[in-house]
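Remarks on the structure that follows.
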Amino acid sequence: MTQETERLSADERKRVRRFSTALTAALLVLALVTFWAVAYILQDTVFTHYFDPQRHTIVEEAGNGEILEWQDSQGNVYTPEDPHVVWYPVTLGFVVLFLMGICYGLYVLMMEQYVALILVRRWYTGVLRDLLPTSKQKPDGQKYAWS
C-alpha cells in the first residue's frame, strides 16, 4: 500500500489519513461490542459453572472477599478449580486475538480499497477531462458541451 500512497497528492493523503482514523474508530467500536456480546454468550451458555451472582449462591467465602465455593439452583457446588472457571479467561484471550486478527484484516483490506478508489477516481477524472471539451474549445454561442 505504500507504493500506491506515494502516488497520491497532499490532499489525497489527507483524505486517506482521515478515512484511516474513522475506519480505526469504527473497527474499535465494532470489536468492543463483539467482544462484549461473545463474552456474555460464552458465560451464559458455554461456561455455566463460572460464578454468576444471579444464578449462584455463595457457599464458602474467604476473609478477604474471595469466593471459594458457590452453588447453583440444582445443588451442584463449584470451585475456582472447576474446568469451566479455569478455561473461561483463556477462551476470552483467544477471542481477543481472533477479533484483533479479523479487525486488522478488515483494516488492511478497506484501506487498500480506498486508496485504489482514489487512484481510479483520479484516472477517471483525467480521462473525462481529456474527452469532454473545455470552455476554451466551445463555440461562442454554445453554453454547454452537449448543446
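The values are calculated or read from the model by the stated rules, or taken from the named source; none is laboratory data. In this text the structure is predicted, and so the values were computed from the model without any measurement. Virtual Cβ from ideal backbone geometry, glycine too; neighbours counted across all protein chains shown.
Here is a check on your reading of the model: is E60 touching a helix residue (DSSP H, G or I) at 6+ places or on another chain (Cβ under 9 Å) and either part of a loop (DSSP other than H, G, I, E, B) or modelled with pLDDT under 90 (or both)?
Against the criterion (touching a helix residue (DSSP H, G or I) at 6+ places or on another chain (Cβ under 9 Å) and either part of a loop (DSSP other than H, G, I, E, B) or modelled with pLDDT under 90 (or both)), E60 does not qualify.
Take the residues in segment 68-104 that are of a type in the set (S, T, Y) and more than 30 Å from L28 (Cβ to Cβ); name whichever of them is surrounded by the fewest Cβ atoms within 10 Å (Cβ to Cβ).
S73
Looking at (1) closer than 30 Å to W123 by Cα; (2) without any contact (Cβ under 8 Å) to a residue 12 or more places away in the chain; (3) surrounded by 11 or more Cβ atoms within 10 Å (Cβ to Cβ), which is the only condition T5 fails?
Failing condition for T5: (2).
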